[in-house]
1. What number of residues within region 514-554 are free of Cβ contacts under 8 Å to residues at least 40 places away in the same chain and not small (Gly, Ala, Ser)?
2. Please verify whether Arg125 is open to solvent by 60 Å² or more (accessible area, probe 1.4 Å), part of a strand (DSSP E or B) and among the basic types (Lys, Arg), treating the condition exactly as stated.
3. Please go through (1) among the charged types (D, E, K, R); (2) touching a strand residue (DSSP E or B) at 6+ places or on another chain (Cβ under 6 Å); (3) open to solvent by less than 80 Å² (accessible area, probe 1.4 Å) for Arg525 and return the number of the only condition it doesn't satisfy.
4. Can you spot a residue in region 479-498 that is open to solvent by 50 Å² or more (accessible area, probe 1.4 Å), modelled with pLDDT of 90 or more and not in a strand (DSSP E or B)?
5. From the list Gln270, Gln256, Gln236, which residue is in contact with a strand residue (DSSP E or B) (Cβ under 9 Å, 6 or more places away or on another chain) and modelled with pLDDT of 95 or more?
6. Yes or no: region 434-446 includes at least one residue that is at pLDDT 95 or above, part of a strand (DSSP E or B) and either of a type outside the set (Gly, Ala, Ser) or in the same structural domain as Val371 (by the TED database) (or both).
7. Condition check: in the same structural domain as Ile190 (by the TED database), of a type in the set (A, V, I, L, M, F, W, C) and either open to solvent by 10 Å² or more (accessible area, probe 1.4 Å) or in a strand (DSSP E or B) (or both). Does Val292 satisfy that?
8. Kindly indicate the residue of region 55-70 that is of a type in the set (Gly, Ala, Ser) and part of a loop (DSSP other than H, G, I, E, B) and also surrounded by the most Cβ atoms within 10 Å (Cβ to Cβ) among those meeting that condition.
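The values are calculated or read from the model by the stated rules, or taken from the named source; none is laboratory data. Everything numeric here is computed off the predicted structure, so don't read it as measured data. Cβ: placed from backbone, ideal geometry, glycine included. Neighbour counts: every protein chain shown. All accessible areas refer to the heavy atoms of the entire protein, side chains included, with ligands and DNA or RNA removed. Shrake-Rupley method; radii C 1.70, N 1.55, O 1.52, S 1.80 Å.
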Amino acid sequence: IRVTKVDWQRSRNGAAHHTQEYPCPELVVRRGQSFSLTLELSRALDCEEILIFTVETGPRASEALHTKAVFQTSELERGEGWTAAREAQMENTLTVSLASPPSAVVGRYLLSIRLSSHRKHSNRRLGEFVLLFNPWCAEDDVFLASEEERQEYVLNDSGIIFRGVEKHIRAQGWNYGQFEEGILNICLSILDRSPGHQNNPATDVSCRHNPIYVTRVISAMVNSNNDRGVVQGQWQGKYGGGTSPLHWRGSVAILQKWLKGRYKPVKYGQCWVFAGVMCTVLRCLGIATRVVSNFNSAHDTDQNLSVDKYVDSFGRTLEDMTEDSMWNFHVWNESWFARQDLGPSYNGWQVLDATPQEESEGVFRCGPASVTAIREGDVHLAHDGPFVFAEVNADYITWLWHEDESRERVYSNTKKIGRCISTKAVGSDSRVDITDLYKYPEGSRKERQVYSKAVNRLFGVEASGRRTWIRRAGGRCLWRDDLLEPATKPSIAGKFKVLEPPMLGRDLRLALCLANLTSRAQRVRVNLSGATILYTRKPVAEILHESHAVRLGPQEEKRIPITISYSKYKEDLTEDKKILLAAMCLVTKGEKLLVEKDITLEDFITIKRAYPGASGEGLSPV
């Protein structure tokens, strides 16, 4: 007896497994759930004859590594491993139901069958199928209970990514395209191109049952820093030989280009591109994933949970001294799965970040870090908790650096970092603020307690009151008491005010508004500076540098008008279209006030309209 034909029942299995959208030639199913095959045999099967199935994935597949399983049809209830059962038999046609365990390795499998009867055996390779994670299976680590959320975070092939600045958040559409032709194969090849697979393929494949392992591999492989991964980052505003990150509108073209270029990294990406691509890959593999944007996002290089910025007497950032930074926004991913390594209280959303910022265990990757662990200050837990905690909850401190190499604090804020943490709503394109998932309300006692707990977890020292960790030097812990409280009540206040909407191609008109908060006259030296910047707030070129002497009468308010001509900034403006203004206000008695403002220029197009006997033109925003 032998198998003459196989019907993979793609339509029936695809509907049952929510995989009908994949255009692959082979069957795509999810683990922990049965699927059916119909076999045509050379003759009817006798009751004594046995069907023995073999599934195997990866090189040197073995039962010891759980990359191979041998099992036969049985009437028994489903066990812990792979199982097979006869569903129906009509003459020489047999329908069988196969099921994988909910912890099976994901990937491409080869299915074979052996027919045994009266010491005669017939072997046949039935073909290949792809096994994915299963958010619909309660026993799978990636199980997600809500059907609405499964539709959004697994099956939705388009979405919204939020960018901009805290007070002007913009939405950009992104095509994830996880069901496009060839994308599933590319996603599987990303796993196979990883250094872990290249070095020890059998062991690597055996670990692919674990979403913690798989997501960490993908986090490293989406950037190109260590491994000829998918996307090459570029933050200098120069994109020769590639595509500007701002011009990508989806992941499909990027993944296809990576494959067609024989795995040469695609130029260029920035944080939202990395996040968009990783969302595609993880949704394609069956892990519920979303894109998250954090405004005023900290990049804490030394893991002291504070962002320390050094400026000169004009408020200009001293690049050679300032290692930390605060980006206008940063985009990463969250994926939903259980943390068997940490315990059930840390199940749920996990932060993953493919943007190459800092190394994690020698590789540019980040996560998975439990969002719950971040909110509770449990930064000692795997993976990369201190970095993610700082991104959303670091203290922000600006230091004035003097010529004698002393420093003086001119600004500090415990609430500036981690604002308007946003993601797309389930079932609509609106923005949902999820800041409360990452931290307790800013300024609350609980939020400060969590910050102190995080310090203690990292450095083994108690933080009490307003004691705040600043910097490690020679391995020692340095502290400043009452760092974030002003020593005395400020005598002046100031802010920038935009006088006209900032539009690309026009002069910028602003004013610095200063107010004397005392009943005595004061003299103030105002040093103004301005620079075009990237969205990471890294300065590109200086466009303003001037100084003013101002006398403020008791309780008096004054405006200092500022004009920056288009000709002054047009050559040095990047595609981010961002400008940073700073005013260092030096009061006669030694007090200092630093005022900063981020400006994003608006794009406008000119529309000419003709009327009978008249002509005119109007401006319309893009």
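1. Count: 10.
2. Working: open to solvent by 60 Å² or more (accessible area, probe 1.4 Å): yes; part of a strand (DSSP E or B): yes; among the basic types (Lys, Arg): yes.
Answer is yes for this residue.
3. (3)
4. Step one: list which residues in region 479-498 are open to solvent by 50 Å² or more (accessible area, probe 1.4 Å), which gives 480-482, 485-490, 495, 497-498.
Remaining after also requiring modelled with pLDDT of 90 or more: 495, 497-498.
From the residues that got through so far, the ones that are not in a strand (DSSP E or B) too are none.
No, the conditions are met nowhere in region 479-498.
5. Details: Gln256 fails: in contact with a strand residue (DSSP E or B) (Cβ under 9 Å, 6 or more places away or on another chain); Gln236 fails: modelled with pLDDT of 95 or more.
Answer to the selection: Gln270.
6. No: zero hits.
7. On the way: in the same structural domain as Ile190 (by the TED database): yes; of a type in the set (A, V, I, L, M, F, W, C): yes; either open to solvent by 10 Å² or more (accessible area, probe 1.4 Å) or in a strand (DSSP E or B) (or both): yes.
Judged against the criteria, Val292 is a match.
8. Here the residue is Gly58.
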